[in-house]
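First up is the structure itself, then whatever we jot down about it.
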Amino acid sequence: MILVAGEALYDLVVQGDSDDLNGHPGGAAFTTARTIGRLEQPVAYLGRMSEDRFGQRMVDLLAADGVDLGSVIRTNEPTTLALAEVDDDGVARYRFYERGTSATGLQTDAALAALPDDVRYLHVGTLGLTLDPVATATEAVVEHLSGRALIAVDPNIRPWVIADPEGYRARLRRVFAHSHMLKVSEEDLHWLYPDVPAIEAIRDMLEIGPTIGLLTRGPNGALVVTRTAEVAVPAPRAKVIDTIGAGDAFGGGFLAWWSERGLTHEDLGTIDLAVEATAFACLVAARTCSRPGADPPHRSELPS
(Lines give C-alpha, C1' and ligand atoms only; values in the text may rest on other atoms or scores of the structure.)
Protein backbone atom coordinates (compact mmCIF):
# COMPACT_ATOMS: atom_id res chain seq x y z
CA MET A 1 0.00 0.00 0.00
CA ILE A 2 1.19 3.51 -0.89
CA LEU A 3 -0.18 6.10 1.55
CA VAL A 4 -0.38 9.71 0.38
CA ALA A 5 -0.93 12.26 3.15
CA GLY A 6 -1.77 15.91 2.65
CA GLU A 7 -4.26 18.28 1.10
CA ALA A 8 -7.22 17.96 -1.24
CA LEU A 9 -8.58 21.27 -2.51
CA TYR A 10 -10.23 22.93 -5.47
CA ASP A 11 -8.14 24.88 -7.99
CA LEU A 12 -9.84 27.97 -9.39
CA VAL A 13 -7.90 28.56 -12.58
CA VAL A 14 -7.59 31.87 -14.43
CA GLN A 15 -5.74 31.98 -17.77
CA GLY A 16 -3.68 35.03 -18.68
CA ASP A 17 -5.67 38.28 -18.60
CA SER A 18 -9.04 36.53 -18.56
CA ASP A 19 -11.51 37.10 -15.74
CA ASP A 20 -13.07 33.67 -16.23
CA LEU A 21 -12.55 31.05 -13.51
CA ASN A 22 -12.52 27.33 -14.21
CA GLY A 23 -12.76 24.96 -11.25
CA HIS A 24 -10.68 21.75 -11.11
CA PRO A 25 -10.22 19.31 -8.21
CA GLY A 26 -6.62 19.43 -7.03
CA GLY A 27 -4.17 19.63 -4.18
CA ALA A 28 -0.76 17.99 -4.20
CA ALA A 29 -1.63 14.90 -2.16
CA PHE A 30 -4.98 14.46 -3.91
CA THR A 31 -3.33 14.55 -7.34
CA THR A 32 -0.48 12.27 -6.27
CA ALA A 33 -2.95 9.69 -4.94
CA ARG A 34 -5.05 9.86 -8.13
CA THR A 35 -1.91 9.42 -10.23
CA ILE A 36 -0.92 6.26 -8.37
CA GLY A 37 -4.47 4.92 -8.55
CA ARG A 38 -4.66 5.55 -12.30
CA LEU A 39 -1.32 3.77 -12.66
CA GLU A 40 -3.01 0.76 -11.03
CA GLN A 41 -0.99 0.54 -7.83
CA PRO A 42 -2.59 0.10 -4.38
CA VAL A 43 -2.92 3.53 -2.78
CA ALA A 44 -4.78 5.20 0.08
CA TYR A 45 -5.34 8.89 0.76
CA LEU A 46 -4.97 10.33 4.28
CA GLY A 47 -6.55 13.73 4.80
CA ARG A 48 -9.62 15.74 5.70
CA MET A 49 -12.29 16.28 3.07
CA SER A 50 -15.37 18.46 3.32
CA GLU A 51 -18.91 17.20 3.12
CA ASP A 52 -19.73 20.11 0.79
CA ARG A 53 -20.23 19.69 -2.95
CA PHE A 54 -16.54 20.13 -3.80
CA GLY A 55 -15.49 17.66 -1.12
CA GLN A 56 -17.96 15.02 -2.24
CA ARG A 57 -16.82 15.48 -5.84
CA MET A 58 -13.23 14.83 -4.82
CA VAL A 59 -14.17 11.77 -2.76
CA ASP A 60 -16.01 10.39 -5.79
CA LEU A 61 -12.99 11.02 -8.03
CA LEU A 62 -10.61 9.26 -5.66
CA ALA A 63 -12.92 6.26 -5.55
CA ALA A 64 -13.25 6.22 -9.35
CA ASP A 65 -9.47 6.13 -9.66
CA GLY A 66 -9.14 3.19 -7.28
CA VAL A 67 -7.89 5.10 -4.24
CA ASP A 68 -8.70 3.52 -0.87
CA LEU A 69 -10.86 5.90 1.19
CA GLY A 70 -10.44 4.20 4.56
CA SER A 71 -8.16 6.98 5.83
CA VAL A 72 -10.31 9.89 4.65
CA ILE A 73 -11.71 12.02 7.47
CA ARG A 74 -14.87 13.98 6.63
CA THR A 75 -15.66 17.42 8.05
CA ASN A 76 -18.33 20.09 7.86
CA GLU A 77 -15.73 22.77 7.23
CA PRO A 78 -15.65 24.07 3.63
CA THR A 79 -13.26 22.81 0.99
CA THR A 80 -9.89 24.54 0.80
CA LEU A 81 -9.48 26.69 -2.34
CA ALA A 82 -6.47 27.64 -4.46
CA LEU A 83 -6.41 30.41 -7.04
CA ALA A 84 -4.13 29.25 -9.85
CA GLU A 85 -3.05 32.07 -12.15
CA VAL A 86 -1.68 30.59 -15.39
CA ASP A 87 0.65 32.68 -17.56
CA ASP A 88 1.12 32.52 -21.34
CA ASP A 89 3.68 29.70 -20.97
CA GLY A 90 1.21 27.54 -19.03
CA VAL A 91 3.04 28.04 -15.72
CA ALA A 92 0.73 28.34 -12.70
CA ARG A 93 1.23 30.55 -9.64
CA TYR A 94 -0.93 29.83 -6.59
CA ARG A 95 -2.70 31.70 -3.81
CA PHE A 96 -4.47 29.67 -1.12
CA TYR A 97 -7.67 30.29 0.83
CA GLU A 98 -7.12 27.88 3.70
CA ARG A 99 -8.22 29.35 7.04
CA GLY A 100 -11.06 27.42 8.64
CA THR A 101 -11.19 24.95 5.75
CA SER A 102 -11.03 21.19 5.38
CA ALA A 103 -7.48 20.38 4.33
CA THR A 104 -5.51 22.20 6.99
CA GLY A 105 -7.48 21.06 10.06
CA LEU A 106 -6.20 17.48 10.35
CA GLN A 107 -5.21 16.71 13.97
CA THR A 108 -2.42 14.34 14.99
CA ASP A 109 -4.59 11.88 16.93
CA ALA A 110 -7.05 11.56 14.07
CA ALA A 111 -4.27 11.06 11.51
CA LEU A 112 -2.53 8.32 13.49
CA ALA A 113 -5.83 6.56 14.21
CA ALA A 114 -6.67 6.53 10.49
CA LEU A 115 -3.44 4.87 9.31
CA PRO A 116 -3.80 1.65 7.30
CA ASP A 117 -2.03 -1.43 8.64
CA ASP A 118 -0.02 -2.31 5.53
CA VAL A 119 1.80 0.88 4.49
CA ARG A 120 4.99 0.18 2.51
CA TYR A 121 5.42 3.67 1.04
CA LEU A 122 4.47 7.11 2.34
CA HIS A 123 4.36 10.34 0.32
CA VAL A 124 4.12 13.74 2.05
CA GLY A 125 4.67 17.41 1.22
CA THR A 126 3.26 20.81 0.17
CA LEU A 127 0.59 22.28 2.50
CA GLY A 128 0.65 19.07 4.51
CA LEU A 129 4.08 20.14 5.82
CA THR A 130 3.39 23.88 5.89
CA LEU A 131 0.17 24.79 7.72
CA ASP A 132 -0.79 23.65 11.20
CA PRO A 133 -2.38 21.57 12.54
CA VAL A 134 -2.03 19.33 9.46
CA ALA A 135 1.75 19.88 9.31
CA THR A 136 2.24 18.64 12.87
CA ALA A 137 -0.01 15.66 12.12
CA THR A 138 1.92 14.82 8.95
CA GLU A 139 5.24 14.99 10.78
CA ALA A 140 3.89 12.58 13.39
CA VAL A 141 2.82 10.16 10.64
CA VAL A 142 6.31 10.32 9.11
CA GLU A 143 7.91 9.53 12.47
CA HIS A 144 5.45 6.69 13.10
CA LEU A 145 6.05 4.98 9.74
CA SER A 146 9.73 5.73 9.17
CA GLY A 147 10.95 2.40 10.49
CA ARG A 148 8.81 0.30 8.15
CA ALA A 149 7.98 2.31 5.03
CA LEU A 150 9.83 4.10 2.26
CA ILE A 151 9.28 7.80 3.01
CA ALA A 152 9.14 10.17 0.01
CA VAL A 153 9.06 13.93 0.59
CA ASP A 154 8.15 16.67 -1.89
CA PRO A 155 8.32 20.06 -0.12
CA ASN A 156 6.69 21.82 -3.12
CA ILE A 157 7.27 25.07 -1.25
CA ARG A 158 4.66 27.85 -1.29
CA PRO A 159 6.58 30.76 0.30
CA TRP A 160 3.60 33.09 0.59
CA VAL A 161 1.81 30.79 3.07
CA ILE A 162 4.85 30.25 5.32
CA ALA A 163 4.37 32.40 8.41
CA ASP A 164 7.54 31.19 10.19
CA PRO A 165 10.32 30.44 7.65
CA GLU A 166 12.83 29.26 10.26
CA GLY A 167 10.27 27.00 11.92
CA TYR A 168 9.33 25.59 8.52
CA ARG A 169 12.96 24.90 7.65
CA ALA A 170 13.43 23.15 10.99
CA ARG A 171 10.38 20.96 10.33
CA LEU A 172 11.70 20.01 6.88
CA ARG A 173 15.03 18.98 8.38
CA ARG A 174 13.27 16.79 10.94
CA VAL A 175 11.19 15.16 8.20
CA PHE A 176 14.21 14.72 5.92
CA ALA A 177 15.96 12.88 8.74
CA HIS A 178 13.25 10.20 8.59
CA SER A 179 12.95 10.07 4.78
CA HIS A 180 14.51 8.05 1.98
CA MET A 181 13.60 9.93 -1.18
CA LEU A 182 13.51 13.69 -1.75
CA LYS A 183 11.91 15.41 -4.74
CA VAL A 184 12.50 19.14 -5.22
CA SER A 185 11.94 21.70 -7.96
CA GLU A 186 14.28 24.48 -9.02
CA GLU A 187 11.92 26.91 -7.28
CA ASP A 188 12.21 24.91 -4.04
CA LEU A 189 15.99 25.13 -4.18
CA HIS A 190 15.93 28.87 -4.86
CA TRP A 191 14.00 29.34 -1.62
CA LEU A 192 15.85 26.82 0.51
CA TYR A 193 19.38 27.46 -0.81
CA PRO A 194 19.58 30.84 -2.56
CA ASP A 195 22.74 31.22 -4.67
CA VAL A 196 23.87 27.63 -3.98
CA PRO A 197 24.42 25.31 -7.00
CA ALA A 198 21.60 22.79 -7.32
CA ILE A 199 23.65 19.61 -6.90
CA GLU A 200 25.48 21.02 -3.89
CA ALA A 201 22.16 22.01 -2.29
CA ILE A 202 20.61 18.59 -2.87
CA ARG A 203 23.64 16.79 -1.47
CA ASP A 204 23.46 18.95 1.63
CA MET A 205 19.87 17.70 2.13
CA LEU A 206 20.92 14.11 1.47
CA GLU A 207 23.40 14.39 4.34
CA ILE A 208 20.41 14.83 6.66
CA GLY A 209 18.87 11.48 5.73
CA PRO A 210 17.52 10.72 2.23
CA THR A 211 19.31 8.25 -0.04
CA ILE A 212 18.39 9.99 -3.27
CA GLY A 213 17.27 13.39 -4.52
CA LEU A 214 15.20 14.09 -7.63
CA LEU A 215 15.35 17.59 -9.10
CA THR A 216 12.54 18.43 -11.53
CA ARG A 217 13.47 20.98 -14.20
CA GLY A 218 10.29 21.50 -16.20
CA PRO A 219 10.87 21.06 -19.96
CA ASN A 220 14.50 20.08 -19.23
CA GLY A 221 13.45 16.89 -17.47
CA ALA A 222 14.91 15.83 -14.13
CA LEU A 223 18.19 15.17 -12.38
CA VAL A 224 18.79 12.09 -10.22
CA VAL A 225 21.29 12.90 -7.47
CA THR A 226 23.02 10.65 -4.96
CA ARG A 227 25.85 11.51 -2.59
CA THR A 228 28.40 10.52 -5.25
CA ALA A 229 26.73 10.70 -8.68
CA GLU A 230 24.14 12.53 -10.74
CA VAL A 231 22.31 11.57 -13.95
CA ALA A 232 20.22 13.85 -16.16
CA VAL A 233 16.92 12.42 -17.43
CA PRO A 234 15.35 14.22 -20.43
CA ALA A 235 11.68 15.14 -20.58
CA PRO A 236 9.48 13.79 -23.38
CA ARG A 237 8.14 16.34 -25.82
CA ALA A 238 4.73 17.64 -24.86
CA LYS A 239 2.37 20.41 -25.89
CA VAL A 240 1.92 22.23 -22.59
CA ILE A 241 -1.59 23.38 -21.73
CA ASP A 242 -0.65 24.14 -18.13
CA THR A 243 1.68 22.78 -15.46
CA ILE A 244 -0.96 22.27 -12.77
CA GLY A 245 -0.31 18.98 -10.98
CA ALA A 246 2.77 18.11 -13.03
CA GLY A 247 5.11 17.80 -10.05
CA ASP A 248 2.56 15.75 -8.13
CA ALA A 249 2.10 13.45 -11.11
CA PHE A 250 5.88 13.08 -11.30
CA GLY A 251 6.10 11.98 -7.66
CA GLY A 252 3.15 9.63 -8.05
CA GLY A 253 4.65 8.19 -11.21
CA PHE A 254 7.96 7.46 -9.52
CA LEU A 255 6.36 5.68 -6.57
CA ALA A 256 3.96 3.74 -8.80
CA TRP A 257 6.89 2.45 -10.88
CA TRP A 258 8.79 1.55 -7.68
CA SER A 259 5.80 -0.21 -6.16
CA GLU A 260 4.95 -2.13 -9.33
CA ARG A 261 8.36 -3.80 -9.12
CA GLY A 262 8.19 -4.47 -5.38
CA LEU A 263 11.23 -2.29 -4.66
CA THR A 264 12.05 -0.88 -1.22
CA HIS A 265 14.03 2.00 0.23
CA GLU A 266 17.16 -0.17 0.08
CA ASP A 267 16.89 -0.25 -3.73
CA LEU A 268 17.11 3.53 -3.97
CA GLY A 269 20.88 3.15 -3.78
CA THR A 270 20.86 1.53 -7.24
CA ILE A 271 21.01 4.61 -9.43
CA ASP A 272 20.10 2.78 -12.65
CA LEU A 273 16.74 1.79 -11.13
CA ALA A 274 16.16 5.35 -9.96
CA VAL A 275 16.91 6.67 -13.45
CA GLU A 276 14.38 4.26 -15.01
CA ALA A 277 11.74 5.29 -12.49
CA THR A 278 12.51 8.96 -13.11
CA ALA A 279 12.14 8.56 -16.86
CA PHE A 280 8.70 7.06 -16.29
CA ALA A 281 7.84 9.87 -13.87
CA CYS A 282 8.85 12.45 -16.49
CA LEU A 283 6.52 10.79 -18.98
CA VAL A 284 3.62 10.84 -16.50
CA ALA A 285 4.27 14.53 -15.77
CA ALA A 286 4.46 15.40 -19.48
CA ARG A 287 1.12 13.74 -20.18
CA THR A 288 -0.40 15.69 -17.27
CA CYS A 289 0.88 18.98 -18.73
CA SER A 290 -0.77 18.22 -22.06
CA ARG A 291 -4.30 18.71 -20.69
CA PRO A 292 -5.93 21.31 -18.45
CA GLY A 293 -5.90 21.01 -14.68
CA ALA A 294 -4.43 18.25 -12.56
CA ASP A 295 -5.52 15.34 -14.76
CA PRO A 296 -2.84 12.59 -14.70
CA PRO A 297 -2.80 9.78 -17.26
CA HIS A 298 -4.13 6.24 -16.83
CA ARG A 299 -1.79 3.25 -17.14
CA SER A 300 -3.47 2.29 -20.44
CA GLU A 301 -2.36 5.62 -21.97
CA LEU A 302 1.33 4.88 -21.35
CA PRO A 303 3.78 2.41 -22.89
CA SER A 304 3.83 -0.97 -21.16
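For this structure, a couple of remarks:
- Quotient of the Cα radius of gyration of region 238-304 and 2.2 N^0.38 Å, N being its number of residues: 1.13.
- Remark: spin-label model distance residue 107-residue 187 equals 3.3 nm, labels positioned 7 Å along the Cα→Cβ axis.
- The chain - percent of accessible surface contributed by carbon and sulfur, probe 1.4 Å: 48
- Here region 203-276 and region 69-100 have alpha carbon centers that stand 25 Å from each other.
- Approximate shape of the chain as ellipsoid semi-axes (Cα gyration tensor, √5λ), whole Å, largest first: 25, 22, 20
- The ellipsoid that matches the Cα gyration tensor of region 1-118 has semi-axes, each √(5λ) in whole angstrom, of 26, 17, 11, with the longest given first.
- Rounded if a/c under 1.5, otherwise prolate or oblate - region 180-249, Cα gyration tensor axes: prolate
- Label-point gap, in nm, between residue 61 and residue 240 - each point 7 angstrom along Cα→Cβ: 2.2
- Accessible surface, per residue, of region 20-91 when the full set of protein chains is kept, probe 1.4 Å, Å²: 41
- Only one residue of 303, 127, 92 has its Cα farthest out toward the positive end of the dipole of the chain, where Lys and Arg carry +1 and Asp and Glu -1 on Cβ, and that residue is 303.
- Dipole of the chain [Lys/Arg +1, Asp/Glu -1 at C-beta], most positive-end residue of 160, 234, 42: 42
- Rel. contact order, % - alpha carbon contacts under 8 angstrom, at least six apart, the chain: 18
- Cα pair distances of region 75-218 binned at 10 Å [whole percent]: 11, 39, 36, 14, 1
- Fully extending the segment from residue 88 to residue 276 would add 64.5 nm, taking 0.36 nm per residue of separation and subtracting the current Cα-Cα distance.
- Rotationally averaged projected area of region 172-304 (alpha carbon convex hull; nm²): 8.0
The values are calculated or read from the model by the stated rules, or taken from the named source; none is laboratory data. A quick note: this is a predicted structure, and the numbers were derived from the prediction, not measured. FYI the Cβ positions are ideal-geometry reconstructions off the backbone, even for glycines, and counts take in every protein chain you see. Surface accessibility is based on the protein's heavy atoms, side chains included, excluding ligands, DNA and RNA. Shrake-Rupley method; radii C 1.70, N 1.55, O 1.52, S 1.80 Å.
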